[in-house]
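Data block below; observations after.
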Amino acid sequence: GHRLGTIVESSQDAITGSTLDGVATSWNPGAEHLYGYATAEALGRNIALVVPPEKQEELSALRESVAQGRSITVETQRLRKDGTIVEVSLSVSPIKNDAGKITGISGIARDITSRKKADKQLQLQSAALEAAANAIVITDREGTIVWVNEAFATMTGFSENEVLGKNPRILHSGDHDKAFYADLWSTISSGKVWHSEITNRRKDGTLYTEEMTITPVRSGGTEISHFVAIKLDVTERKSLERQLQQAQKMEAIGRLAGGVAHDFNNMLGVITGYCELLRLRDGVDEDILRQIQEIDGAARRAAGLTQQLLAFSRKQLLQPRIL
């Protein structure tokens with residue numbers, strides 16, 4: 001009995017005793033610390049004084065169950081003397097006399113406020129990772145996949161169940177050599193962050209380009225325990241970049257063609273001009289005139305080609321005509 005009393009007095013948990021009606025009959029130092037009431041303040045008062053209004057019905061139900069001989073453990077809330085709410089894990093059990101009759105209720109309450117807060121934080125973090133637009137993969141130290149989010153399944157076509165326990169090499173496209181992957185593994189194994197573009201293969205066999213960042217994770221110590229990879233599909237962006245580069249290339253060619261066509265037109269103008277002067281000379285025989293006409297015709301056909309070059313370079317609109 002003395003040993004049990006010592007345990008109760010030294011316990012960090014709030015240990016209380018009450019009658020079946022809820023009047024406090026014992027109140028250890030742990031209860032003083034948790035609830036804020038000194039033992040002298042609490043004894044003789046109803047235990048309901050540490051129960052928030054919205055938990056009073058729950059308290060009545062617990063009393064009724066204990067009165068019928070049941071022991072129950074619940075997570076609930078209690079009200080401190082200063083008015084603040086504390087989250088507790090509460091175990092209530094019947095107190096019996098020597099004859100086995102239930103005469104009271106014992107309660108053991110443990111403060112779980114910090115744990116509940118940590119649980120909510122973990123739930124928020126988990127929900128955020130799951131909802132992220134980027135694909136996220138977590139592997140263990142050996143590279144085995146232990147978690148993926150929904151965006152990963154959308155990007156790769158592999159469901160969570162299909163990849164758990166597998167290695168990310170199931171996505172390998174064959175476009176990268178062994179040295180590429182050796183550098184990746186060497187970087188993250190040494191605790192550094194790896195970031196690059198990589199071509200991978202979806203479940204349906206199509207290739208895609210992703211921008212990937214892999215970060216080592218140290219949980220509970222200095223040793224690396226996991227790796228987290230964040231992936232962004234940049235296939236469409238890369239395609240648009242290639243289209244832009246092609247457009248810029250064509251624009252440069254167009255500017256060059258326009259410049260050449262303009263200068264060439266000037267030269268053709270000289271040729272056709274001199275042809276006209278030669279035709280106007282006196283005494284030019286018919287053979288010479290036919291040759292001048294051929295030169296002039298060729299020059300004018302060349303001028304037509306330069307007009308197409310100018311149109312290609314966007315210097316002027318095409319003028320289609322019926323042939």
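If only one of A48, A42, A109 is on the phi < 0 side of the Ramachandran plot, surrounded by 13 or more Cβ atoms within 10 Å (Cβ to Cβ) and out of contact with any strand residue (DSSP E or B) (no Cβ under 9 Å at 6 or more places or on another chain), which one is it?
A48
In the list V137, V146, which residue meets the criterion of being open to solvent by 60 Å² or more (accessible area, probe 1.4 Å), at pLDDT 90 or above and outside any helix (DSSP H, G or I)?
Selected residue: V146, the only one of V137, V146 that is open to solvent by 60 Å² or more (accessible area, probe 1.4 Å), at pLDDT 90 or above and outside any helix (DSSP H, G or I).
Yes or no, residue by residue, for (1) among the aromatic types (F, W, Y); (2) open to solvent by less than 70 Å² (accessible area, probe 1.4 Å); (3) at pLDDT 90 or above; (4) outside any loop (DSSP other than H, G, I, E, B):
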position	(1), (2), (3), (4)
E251	no, no, no, yes
G258	no, yes, no, yes
I295	no, no, yes, yes
A303	no, yes, no, yes
L317	no, no, no, no
Open item on the list: Just checking, does region 126-134 include any residue being under 18 Å from L207 (Cα atoms), surrounded by 13 or more Cβ atoms within 10 Å (Cβ to Cβ), of a type outside the set (A, V, I, L, M, F, W, C) and within 21 Å of the chain's Cα centre (by Cα)?
Closed with: yes
- [ ] Return the pairs, sorted by first residue and then second, in which the second residue is open to solvent by 20 Å² or more (accessible area, probe 1.4 Å) and assigned to a loop (DSSP other than H, G, I, E, B), the first residue lies in region 147-162 and is farther than 18 Å from V228 by Cβ and touching a residue at least 12 places away in the same chain (Cβ under 8 Å), the beta carbons are less than 6 Å apart, and the residues are 6+ apart or on different chains.
- [x] G157/R202; G157/K203; G157/D204
Open item on the list: Out of the residues in region 172-182 meeting the condition of being over 24 Å from the mean Cα position of the chain (by Cα) and either among the small types (G, A, S) or farther than 17 Å from E210 by Cβ (or both), tell me which one is surrounded by the most Cβ atoms within 10 Å (Cβ to Cβ).
Closed with: A182
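Mind checking whether some residue in region 109-122 is within 16 Å of M212 (Cβ to Cβ), free of Cβ contacts under 8 Å to residues at least 24 places away in the same chain and not small (G, A, S)?
For region 109-122, residues within 16 Å of M212 (Cβ to Cβ), free of Cβ contacts under 8 Å to residues at least 24 places away in the same chain and not small (G, A, S): absent.
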TODO: Name the one entry in R281, R290, R321 that is outside any helix (DSSP H, G or I), open to solvent by 100 Å² or more (accessible area, probe 1.4 Å), modelled with pLDDT of 80 or more and more than 30 Å from A153 (Cβ to Cβ).
DONE: R281
Open item on the list: Whether any residue in region 65-88 is open to solvent by 60 Å² or more (accessible area, probe 1.4 Å), within 20 Å of T25 (Cβ to Cβ) and in a helix (DSSP H, G or I) is what I want to check.
Closed with: no
- [ ] Output the residue which, of all residues in region 260-274 that are among the hydrophobic types (A, V, I, L, M, F, W, C) and at pLDDT 85 or above, is surrounded by the most Cβ atoms within 10 Å (Cβ to Cβ).
- [x] L268
TODO: Looking only at region 226-235, decide whether some residue is over 21 Å from the mean Cα position of the chain (by Cα) and either on the phi < 0 side of the Ramachandran plot or among the β-branched types (V, I, T) (or both).
DONE: no
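The values are calculated or read from the model by the stated rules, or taken from the named source; none is laboratory data. For clarity, every value in this text was computed on a predicted model and none was experimentally measured. A quick note on method: Cβ atoms are made from the backbone with ideal geometry, for glycine too, and the neighbour counts reach across all protein chains shown. Ligands, DNA and RNA are excluded from the accessible area calculation, which covers all protein heavy atoms including side chains. Shrake-Rupley method; radii C 1.70, N 1.55, O 1.52, S 1.80 Å.
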